[in-house]
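Q: Here you go, one structure.
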Amino acid sequence: MSTPTGRADWRHWGQTPAGEAIHLYTLALPGGVQATLTDFGATLVGVCVPDRRGVLGDVVLGHDQPGPYADHATSPYFGATVGRYANRIAGGQFPLDGHVYRVPPNDGDNALHGGPQGFDHRVWHGETRVEAGRPAVTFTRLSVDGEMGFPGNLRVTVTYTLGELDGAHTLEIDYHAVTDAPTVLNLTNHAYWNLMADPSRGVLEHELTVHASTFTPVRAGGIPTGEVRPVAGTPFDFRTPRPVGERVDAPDEQLTLVGGYDHNLVLDGTGLRLAAVLHDPHSGRELTIHTTEPGVQVYSGNFLDGSVTGKHGQVYAKHAGMCLETQHFPDSPNWPDFPSTRLDPGQTFTSRTVHTFRVR
């Protein structure tokens, strides 16, 4: 008897406003579990996994067509690969080897997710394959010296692999990059998860666990203060499972500054280890995240306001989805005590995040 094999397909999906072709990639496993992606932004478009009754549902916010992904007003980084620097850089500038580099601000005075034309707004080169029955797609691009103000020619690959293990389903994301000049680099995926597969119900009843004993508090604009503060006694203590909405509106200065959760939690341990667990008690779906990164940005979809319409005409209101962005810390190039995001010639940047889907 042959071993069931996944498949990896692609098709033309549209074009950018500049006329570049955009493609949609489908990674599928026997039984209907699949991930869809596009080479525009190396973006995760959808993930269909079963609930406790075996009913498949799409647990990622996004769009049915490529057009909205090209406008941050209609797609606030839904599922995108963000870089060259994920999260915020204060004032859109950072020092490196005696020179101050400037990234165009796109979040007030700050640079967010690599600037207004970051990795999420670029067309990548995609290649599919199936190895040992596991379908995958690798996206590659060259970020040229000076792109969005960052130094060095940076060659980047992001590989998504769909798999199955002991009755669970996995979506692995592997990042790889090299540079020809000193630069800074922080990559992540910006998926908005809704494990109920019903954005109208939101995520406030999802239960979240994060293996983090400290977090990096922020000032106005979501910029770190430089402090690393214990989560004990704060609304940021998710070391045991808690509903996302239990304390999201608590009278806490940190929550008030950004309208809920939009903070970097400092993960315990090193290497590929358990970072977070998100569970929807209604559907039974559970997402477990392992990562090699030192932090995870917990974002409760505070800035979704009903102005964005997504898949199947769904309106994305506040808290319709939440992000768990595995990353280095925000604004690290301006804080020497934070884990370094510097990448030099001769070095290879690697990062790995594994999403595992189960039901219980």
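Q: Provide the per-residue ³J(HN,Hα) series for region 244-256, in order, calculated from phi with Karplus coefficients 6.51, -1.76, 1.60 and θ = phi - 60°, each as a whole number of Hz, with x at glycine and proline positions.
A: For region 244-256, the Karplus curve yields 4, x, 4, 10, 5, 10, 4, x, 10, 4, 5, 5, 5 Hz.
Q: Follow-up question, since we're still on this one. Considering the options THR157, THR183, VAL137, tell which one lies farthest towards the positive end of the dipole of region 137-202, charges being +1 on Lys and Arg and -1 on Asp and Glu at the Cβ, about the Cα centre.
A: In region 137-202, that residue is THR183.
Q: Suppose every K and R has +1 on its Cβ and every D and E has -1 on its Cβ; what is the size of the dipole of the chain about the Cα centre, in Debye to the nearest 20?
A: Dipole of the chain, to the nearest 20 debye: 540 debye.
Q: Oh, and also: Residue by residue through region 108-123, what is 3J(HN,Hα) from phi via Karplus (6.51 cos²θ - 1.76 cosθ + 1.60, θ = phi - 60°)? Round to whole Hz and write x for glycine and proline.
A: Here the 3J(HN,Hα) series is x, 7, 9, 9, 10, 6, x, x, x, 10, x, 4, 5, 10, 10, 8 Hz.
Q: Taking amide hydrogens as modeled 1.01 Å from N in the peptide plane, which residues meet the under 5 Å criterion relative to THR43, leaving out close sequence neighbours?
A: THR38, THR81
Q: Where the centroid of each part is defined by its Cα atoms, how far is region 150-219 from region 38-72 in Å?
A: Region 150-219 and region 38-72 have Cα centres separated by 14 Å.
Q: Can you give the extra length, in nm with one decimal, that the chain gains between GLN15 and ARG273 once fully stretched, where that is 0.36 nm per residue apart less the Cα-Cα distance?
A: Values: separation 258, 0.36 × 258 = 92.88 nm, distance 3.86 nm.
Additional length available on full extension: 89.0 nm.
Q: Provide the packing ranking of 122-132, 96-106, 149-159, i.e. peptides ordered by the mean count of other C-beta atoms within 10 Å per residue, highest first.
A: Taking the mean over residues of other Cβ atoms within 10 Å, the ranking is 149-159, 122-132, 96-106.
Q: Taking 1 over the mean of 1/r across every pair of different Cα atoms in region 31-124, what Kirkwood radius in Å do you get?
A: Taking every pair of different Cα atoms in region 31-124, averaging 1/r and inverting gives 14.8 Å.
Q: Right, next: Over region 131-248, give the accessible area per residue in Å² for a 1.4 Å probe, as an integer.
A: Ligands and nucleic acids excluded, the figure is 36 Å² per residue.
Q: Give the accessible area for MET196 in Å² (nearest 10); use a 1.4 Å probe, count only protein heavy atoms, and leave out ligands, DNA and RNA.
A: Using a 1.4 Å probe on the heavy atoms, I get roughly 30 Å².
Q: Based on Cα coordinates alone, diagonalise the gyration tensor for region 94-143, multiply each eigenvalue by 5, take square roots, and list the semi-axes in whole Å, largest first.
A: 34, 14, 9
Q: Taking the Cα centre of region 293-360 as origin and charging only Cβ (+1 Lys, Arg; -1 Asp, Glu), how large is the dipole, in debye to the nearest 20?
A: Charge dipole, region 293-360, about its Cα centre: 460 debye, nearest 20.
Q: Around PRO224, what is the net charge, scoring Lys/Arg as +1 and Asp/Glu as -1 over all other residues with Cβ under 13 Å from its Cβ?
A: -1
Q: Let me ask something else. Give the long-range amide H neighbours of ILE22: residues separated by 5 or more places, or on another chain, with amide H under 5 Å away, using H modelled in the peptide plane at 1.01 Å from N.
A: Answer set, sorted by chain and number: TRP13, GLY14, GLN15, THR16.
Q: Sticking with this structure for a sec: Would you please put 283-292, 340-349, 237-246 in order of how densely packed they are, using the mean number of other Cβ atoms within 10 angstrom per residue and starting with the highest?
A: Averaged packing, sorted descending, gives the order 283-292, 237-246, 340-349.
Q: Oh, and also: If you plug each phi of region 5-10 into the Karplus form 6.51 cos²θ - 1.76 cosθ + 1.60 with θ = phi - 60°, what whole-Hz ³J(HN,Hα) values come out, in order, with x for Gly and Pro?
A: 10, x, 10, 9, 10, 8
Q: Taking the alpha-carbon set of the chain, what are its Rg and Dmax in Å?
A: 19.2, 63
Q: Build a GNM of the chain with springs between Cα atoms under 10 Å: which of ALA35, ALA21, ALA80 gets the top mean-square fluctuation?
A: It is ALA21.
The values are calculated or read from the model by the stated rules, or taken from the named source; none is laboratory data. Computed from a prediction, not measured in an experiment: that's the story for all the values here. Neighbour counts run over all protein chains shown; Cβ positions are idealised from the backbone, glycine included. Ligands, DNA and RNA are stripped out before the accessible areas are found, and what is left, the full protein with its side chains, is counted by its heavy atoms. Shrake-Rupley method; radii C 1.70, N 1.55, O 1.52, S 1.80 Å.
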